[in-house]
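A.B. asks: Before anything else, here's the structure in question.
The values are calculated or read from the model by the stated rules, or taken from the named source; none is laboratory data. The structure displayed is predicted, hence computed values, not measured ones. In this analysis, Cβ positions are derived from the backbone assuming ideal geometry, glycine residues included, and neighbour counts consider all displayed protein chains. Side chains are part of the model used for accessible areas, which takes the heavy atoms of the whole protein and leaves out ligands, DNA and RNA. Shrake-Rupley method; radii C 1.70, N 1.55, O 1.52, S 1.80 Å.
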Amino acid sequence: MTMTVHVDIVSAEQEVFSGMAEMVFAPAELGEVGITPRHAPLISKLNPGEVRVKVSEKESQAFYVSGGLLEVQPHLVTILADTAIRAKDIDEAAALQAKAAAEEALNDKSGKIDYATAQAQLAQAMMQLRTIDRLKKRGH
Amino acid sequence: MAVGKEIRTQIASIKNTQKITRAMEMVAASKMRKTKDRMNATRPYSKKISQIIKHLAHANPEYKHPFLVEREVKRVGIIVISSDRGLCGGLNSNLFRKTLKQLTQWDNNNIDVDVCTVGSKGASFFGSLKINKVGQVSKLGDTPHLNEVVGIIKIMLDAYHAGTIDELHVMYNQFVNTMTQAPTIEQLIPVVASELENDGLKKHWDYLYEPDAKEVLDNLLTRYIESIVYQGLVENNACEQSARMVAMKSASDNAGNLIDELQLVYNKARQAAITQEISEIVAGAAAV
């Protein structure tokens, strides 16, 4: 039997995932990390991106997080996301629209908008789209 | 027939009151459902973050964050979360009583207190006390937002960093079930290393931090405090609605009892008047 680790993914609004997994991939601030059972304790900030939970050899689940924190204990992985959505629930049209709006805001020369906010929004929308893309390629 | 006019008006006015309390009961019941949903939605997050903080308190980090270090207590800060409106039974007074008890205890140990209040009831209660008030927010409504309480949290955290206060506590009503609300005092900082369930942690260990300890811990601890205060706020909200529902239900029931009693008195008086009238007529007829 393969070793498993307990994984909890919660966002400020709800519990998104809770269960055992063989491996977890998360977009830590210094690059993507893969966590197997009995990993050393770790705390890291998360970038917007995709969290992948490999539940078994055949099955893995993908989530989109907009940033947050990752805590690893040898027997436990906790992801505190600002917002987390199951990847298949991401609305592609909405993400595209958000991306367009953010780009427009960035190009707006009137200088009324907050540059940093617009850039963050753009990054989020792009990460959502990338998550969808990867999901499609994997043939879900 | 002019019998029992006063009683009839009294019954009518109690009936009006009963209508109002019944309406309030139903409004509170439907609001309670919504606030309870909101509370349950945010519970997993605050539970998990408390768990992480508990782990953290047991780690042996090389970087000691000020929020993790206990120091001699000369002055404490408290955040008291109360409701904006009354008519919710003993909800606020129970919390204030518990808070006052704690305040006297601190007073006996020569510890000063800074108070921040959330909600109008707390503001007016502590407004009448001789106590140092440093901040207040009220009128948050049924859907409070985190950024509405960030201000008072910042006041307290700044005071802690500056060394003005040495501990921070939060007081709120914890939602147990619809009938029971438990007034709760929770210490936020410094983080107390409570007894950890035996989950196989080694004695001396530390986290790996990415990108670096100070930044991550700052971020995590601020988030923790905000999440606990916000959780207290939504719990208190759910408590308020359920307490109001129960209070209004018993008020409606009492009004019903009162009406029954008055109706009985009124009927007796009316009967007596009729009997008297008849006997007068009979007596008059007999005299002719």
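A.B. asks: With the requirement that a residue be of a type in the set (D, E, K, R) and open to solvent by less than 60 Å² (accessible area, probe 1.4 Å), what does the stretch B:37-53 give you?
C.D. replies: Answer for the stretch B:37-53, where residues must be of a type in the set (D, E, K, R) and open to solvent by less than 60 Å² (accessible area, probe 1.4 Å): just B:Lys48.
A.B. asks: What is the residue count in the stretch B:232-282 for residues that are closer than 19 Å to B:Met24 by Cα and within 23 Å of the chain's Cα centre (by Cα)?
C.D. replies: The qualifying residues number 17.
A.B. asks: Answer with yes or no whether A:Pro37 is under 19 Å from B:Ile49 (Cβ atoms), in contact with an Asp or Glu (Cβ under 8 Å, 6 or more places away or on another chain) and not aliphatic (A, V, I, L, M).
C.D. replies: no
A.B. asks: Now for a separate question. Among the residues of the stretch B:98-122, write down those that are in contact with a strand residue (DSSP E or B) (Cβ under 7 Å, 6 or more places away or on another chain) and farther than 20 Å from B:Gln181 by Cβ.
C.D. replies: Across the stretch B:98-122, the qualifying residues are B:Leu103, B:Trp106, B:Ile111, B:Asp112, B:Val113, B:Asp114, B:Val115, B:Cys116.
A.B. asks: Taking the stretch A:90-100, which residues are free of Cβ contacts under 8 Å to residues at least 24 places away in the same chain and small (Gly, Ala, Ser)? Can you show your working first?
C.D. replies: Of the residues in the stretch A:90-100, the ones free of Cβ contacts under 8 Å to residues at least 24 places away in the same chain are A:91, A:93-94, A:97, A:100.
A:Ala93, A:Ala94, A:Ala100 - these are the residues of the stretch A:90-100 that are free of Cβ contacts under 8 Å to residues at least 24 places away in the same chain and small (Gly, Ala, Ser).
A.B. asks: Return the pair list, or none, for Cβ contacts closer than 6 Å from residues in the stretch B:23-40 that are in contact (Cβ under 8 Å) with a residue 60 or more places away in the chain to residues that are open to solvent by 60 Å² or more (accessible area, probe 1.4 Å) and assigned to a helix (DSSP H, G or I), at least 6 apart or on different chains.
C.D. replies: B:Glu25/B:Lys249
A.B. asks: For the stretch A:53-68, name all the residues that are modelled with pLDDT under 90 and part of a strand (DSSP E or B).
C.D. replies: A:Ser60, A:Gln61, A:Ala62, A:Phe63, A:Tyr64, A:Val65, A:Gly68
A.B. asks: Would you mind telling me which numbered condition in (1) within 22 Å of A:Met3 (Cα to Cα); (2) within 11 Å of another protein chain (Cβ to nearest Cβ); (3) over 14 Å from the mean Cα position of the chain (by Cα) A:Leu70 fails?
C.D. replies: With (1) within 22 Å of A:Met3 (Cα to Cα); (2) within 11 Å of another protein chain (Cβ to nearest Cβ); (3) over 14 Å from the mean Cα position of the chain (by Cα) applied to A:Leu70, the lone miss is (3).
A.B. asks: Let me ask you something else. Away from chain A (no Cβ under 14 Å), at pLDDT 90 or above and assigned to a strand (DSSP E or B): does that describe B:Val27?
C.D. replies: no
A.B. asks: Quickly run through the stretch B:236-288 and pick out the residues that are of a type in the set (Val, Ile, Thr) and closer than 30 Å to B:Tyr172 by Cβ.
C.D. replies: Taking the stretch B:236-288 and keeping what is of a type in the set (Val, Ile, Thr), we get B:246, B:259, B:265, B:274-275, B:278, B:281-282, B:288.
Scanning the stretch B:236-288 gives a single hit, B:Val246.
A.B. asks: Please determine, by comparing only the residues of the stretch B:47-87 that are in a loop (DSSP other than H, G, I, E, B) and free of Cβ contacts under 8 Å to residues at least 40 places away in the same chain, which one is farthest from the chain's Cα centre (by Cα).
C.D. replies: B:Lys64
A.B. asks: Taking the stretch B:216-229, which residues are more than 9 Å from chain A (Cβ to nearest Cβ) and in contact with a His (Cβ under 9 Å, 6 or more places away or on another chain)?
C.D. replies: B:Asp218, B:Leu221
A.B. asks: Quick one: would you say B:Arg43 is of a type in the set (Lys, Arg), within 14 Å of chain A (Cβ to nearest Cβ) and out of contact with any Leu (no Cβ under 7 Å at 6 or more places or on another chain)?
C.D. replies: Numbers: of a type in the set (Lys, Arg): yes; within 14 Å of chain A (Cβ to nearest Cβ): yes; out of contact with any Leu (no Cβ under 7 Å at 6 or more places or on another chain): yes.
So B:Arg43 fits the description; yes.
A.B. asks: Which residues, counting only those in the stretch B:99-122, are assigned to a helix (DSSP H, G or I) and touching a residue at least 12 places away in the same chain (Cβ under 8 Å)?
C.D. replies: Within the stretch B:99-122, B:Thr99, B:Gln102, B:Leu103, B:Trp106, B:Ser120, B:Lys121, B:Gly122 meet the criteria.
A.B. asks: Looking only at the stretch A:51-67, filter to residues that are away from chain B (no Cβ under 11 Å) and open to solvent by less than 10 Å² (accessible area, probe 1.4 Å); which one of those is farthest from B:Arg223 (Cα to Cα)?
C.D. replies: A:Val53
A.B. asks: Something else: May I ask you to list the residues in the stretch B:101-123 that are surrounded by 14 or more Cβ atoms within 10 Å (Cβ to Cβ) and farther than 17 Å from B:Asp166 by Cα?
C.D. replies: If the condition is that a residue be surrounded by 14 or more Cβ atoms within 10 Å (Cβ to Cβ) and farther than 17 Å from B:Asp166 by Cα, then B:Thr117, B:Val118, B:Gly119, B:Ser120, B:Lys121, B:Gly122, B:Ala123 are the ones that fit.
A.B. asks: Can you report the number of residues in the stretch A:3-22 which are in contact with a Pro (Cβ under 8 Å, 6 or more places away or on another chain), of a type outside the set (Asp, Glu) and under 22 Å from A:Thr131 (Cβ atoms)?
C.D. replies: Number of matching residues: 2.
A.B. asks: Within the stretch B:152-175, identify whether any single residue is open to solvent by 50 Å² or more (accessible area, probe 1.4 Å), in contact (Cβ under 8 Å) with a residue 40 or more places away in the chain and among the hydroxyl-bearing types (Ser, Thr, Tyr), and answer yes or no.
C.D. replies: yes
A.B. asks: Exactly one of (1) polar (S, T, N, Q); (2) touching a strand residue (DSSP E or B) at 6+ places or on another chain (Cβ under 8 Å); (3) surrounded by fewer than 18 Cβ atoms within 10 Å (Cβ to Cβ) is unmet by A:Asn107. Its number?
C.D. replies: (2)
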